[in-house]
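Remarks on the structure that follows.
What follows is calculated from the coordinates using simple rules that are stated; it is not laboratory data. Please read all numbers here as calculations on a predicted model, not as lab measurements. Here the Cβ positions follow ideal geometry from the backbone for every residue, glycine too, while neighbour counts run over all protein chains shown.
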Amino acid sequence: MSVADRLVGKRMCIVAGSGGVGKTTTAAALAMGLAAAGQRVAVVTIDPARRLANSLGLDELDNEPRLVDPARFADHGLEMRGELWAMMLDAKRTFDELIERLAPDERTRDDILGNRIYAELSGAVAGSQEFTAIAKLYELDRSGNFDVIVLDTPPSRNALDFLDAPDRLTHFFEGRAVKLFLAPTGLAAKVMGRGTGVVFSILKRVTGVDLLTDLSTFFRALSGVLDGFVERAAGVKALLGDPATTFLIVTSPQREPVEEAIYFRGKLREARMPFGGLIVNRVDPGVGEPEPLDPGAVEAALAADLGPALARKVARTVADAQVLADRDAGSITRLRRELDEREPILVPHLDGDVHDVDGLVQVYRHLFALAPDRERLVVRPGRAAPGAQDAGAA
Amino acid sequence: MGKSTVAAALGLAAAARGLRTIVAEVSARDDISRTLSGGPAAPFAERQIADGLSHISIDPEQAMEEYLVDQLPVRALAEVLTASRAFAYLAAATPGMRELLTMGKVWELAQEARRTPGARPYDLVVLDAPATGHGVAVLRAPRTFADAARLGPIARQGRTIDAMLTDPSRTGVVAVATAEEMPVNEALALRASVRDELGLDLDLAVVNGMLPDRLTAAEAEALSAVAGAPGRVARSHHARARAQRAQLARLRRGLRDTGVPVATLPFCFAAELCADDLAALGRRLDPKRGREPAR
């Protein structure tokens with residue numbers, strides 16, 4: 001099954017995984033493929049590699065999607081039957097814009113944007129980037145301008161923040177805490193010295209008055225945008241659970257990202273979010289032969305032509321390549337089991353960095369490969385080589 | 001990147017030099033503990049995982065409880081707070097609170113007088129910090145809070161923690177990268193933000209996973225005519241090793257004027273890293289100074 005089969009009927013594709021596994025490239029290649037197939041696609045990325053951004057024609061952080069010139073791909077043999085739009089998300093600015101949009105009046109808006117707690121902390125905090133990204137997604141979805149939206153998630157190690165963000169905000173705003181803050185005799189009044197609630201007098205002791213005052217100002221100001229926020233958070237939550245939404249997990253076969261992928265899959269299960277499939281990037285292609293090669297035999301066969309020293313080096317490289325391929329095959333077997341994913345999509349390790357249009361097209365071809373091509377990329381447990389096509393020719 | 005691997009290796013190297021060391025992980029992860037002791041760690045427990053080396057997985061909620069118990073004269077007061085749902089929501093919704101609590105615990109681990117009942121101080125705390133952008137935000141959280149709170153216990157606490165984190169004689173920062181374009185860019189960006197936002201410099205940049213660069217240019221040329229799988233594999237690995245060297249050189253150039261040393265670690269061909277491999281990596285890194293690498 002190619003990635004296209006898995007995305008039939010999806011409007012929202014969230015690409016998740018740890019940093020450094022080619023997540024952004026995968027998201028871009030995915031969006032490119034869907035656009036080539038005739039859909040109007042927006043890819044939303046956060047701080048991509050400069051060259052990747054340039055290859056999509058993005059020069060700066062810009063909170064509006066831009067149409068990627070189809071001529072960029074024509075030279076690489078890819079015809080865009082649909083449209084590819086791309087944007088780089090500025091999390092802090094998106095949050096500011098959200099506040100601006102939701103604030104009922106200028107004073108509330110200025111109170112929030114000018115609050116020191118907000119100003120110092122809103123951009124730099126786990127969860128806010130995630131929430132912002134999803135909020136933007138929700139907005140793009142509502143705009144009706146796109147058939148599919150592909151989100152390249154922030155490289156957060158804590159997947160939980162991403163899934164929890166809407167719930168946490170909703171709970172908070174609907175919960176007792178915020179009422180305590182906002183009631184006329186609530187915390188805001190109490191910290192000013194009039195009240196004597198036990199919880200707050202203890203709180204004051206721990207935090208100091210200033211922080212509490214700032215916090216109460218922050219939350220009180222935020223109450224002005226409360227309804228909008230709750231509605232937004234509920235919409236975002238519904239969007240995450242929508243049958244037209246899917247999460248793709250991207251990993252490489254290395255130990256840390258594999259553990260991260262397994263962890264993230266568990267969190268998706270717990271949160272009842274839809275899992276659309278696993279993409280394993282950078283799979284070592286091994287020697288590309290059905291049976292492992294014997295390094296001794298390789299050395300013997302090459303010694304006459306290349307001389308013993310070079311033949312020996314080649315043999316050692318072949319041995320290394322087989323070790324790498326075996327290890328990757330082991331990782332993939334483990335991922336299959338732990339993620340309950342029978343057919344992960346495998347993308348071989350490509351020589352060089354994949355940050356230009358050529359690289360994107362290569363990744364695209366692997367992601368969207370049809371069954372006969374895909375067969376050659378399947379790793380058989382216990383076999384040395386995934387049998388990927390020759391990465392050296394790339 | 002192999003950040004956790006490098007953190008574990010630094011921890012083992014320090015322990016081998018006789019320092020009482022703890023490796024701290026955040027975000028409910030315990031990769032290091034699993035590698036070294038084969039089992040998951042109980043959250044927040046300081047557990048010995050090798051000779052002279054302990055491990056902790058820091059949980060912000062438990063850190064908060066410990067902080068409150070320590071700050072308030074009577075345990076019952078802390079319990080009032082932690083039992084209050086309103087307080088729990090407030091703490092969860094306050095921007096930066098998790099980061100502050102996490103760093104507070106890291107600081108606590110390094111104190112002579114520990115808050116944790118019965119716990120002994122450590123000579124070195126190795127923090128396996130979150131990935132790049134967020135990593136610096138975490139390290140900055142105490143100062144941010146101190147600035148926001150101005151006065152009062154949190155402001156004092158934040159300043160104390162920040163003073164340790166931004167003191168180059170007490171805290172060192174190690175960047176971990178692989179020899180690829182993005183990770184090298186991120187390492188350079190990390191160096192800039194560590195300098196701008198924390199006033200520190202990197203103590204070491206570690207480039208992990210260097211493939212053996214076996215072939216000379218002439219040998220690679222000789223191989224270009226060799227047909228079949230072995231020739232193809234050797235050419236492909238040669239190209240990868242060369243691309244890595246180019247990225248390593250770019251990192252070195254980017255750090256040339258900064259005096260930040262760059263260490264490399266070889267690609268580890270073993271299927272799974274075991275404790276012995278980590279110790280060997282640690283010896284290669286040899287941080288020399290008895291400071292506290294933040295990551």
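Quick rundown of the values:
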{"read-out": "Cα Rg, Dmax (largest Cα-Cα span) when computed across the range A:8-100, Å", "value": "13.5, 44"}
{"read-out": "Net charge dipole size for the range B:102-200 [Lys, Arg +1 and Asp, Glu -1 on Cβ; Debye, nearest 20]", "value": "560"}
{"read-out": "Nitroxide proxy distance, nm - points 7 Å out along Cα→Cβ at A:D147 and B:T116", "value": "5.6"}
{"read-out": "Convex hull per residue volume in Å³, alpha carbons only, for the range A:278-372", "value": "132"}
{"read-out": "Cα shape, the range A:235-281, gyration tensor, a/c 1.5 rule", "value": "prolate"}
{"read-out": "Computed Kirkwood radius, in angstrom, where 1/r is averaged over Cα pairs of the range B:104-261", "value": "18.6"}
{"read-out": "Förster-model FRET efficiency, 22 Å R0, A:V230 and A:D105, C-beta, rounded to 0.05", "value": "0.75"}
{"read-out": "Two-decimal Rg/Rh across the range B:208-248, once Rg and the Kirkwood Rh are taken from alpha-carbon atoms", "value": "0.99"}
{"read-out": "Dipole moment magnitude, nearest 20 debye, the range A:232-272 about Cα centre, only Lys, Arg, Asp, Glu C-beta charged", "value": "180"}
{"read-out": "Total formal charge among the other residues, if their Cβ is under 9 angstrom from that of B:D70, Lys/Arg +1 and Asp/Glu -1", "value": "-1"}
{"read-out": "Amide H contacts of B:V23 (H built 1.01 Å from N, under 5 Å, at least 5 apart or other chain)", "value": "B:S54, B:H55, B:I56, B:V126"}
{"read-out": "Point-to-point label distance, B:D213-A:E343, nm (Cα→Cβ direction, 7 Å offset)", "value": "4.2"}
{"read-out": "Where GluC sites (Glu not before Pro) fall in DSSP loop in the range B:93-124, at most 13 other Cβ within 10 Å", "value": "B:E112"}
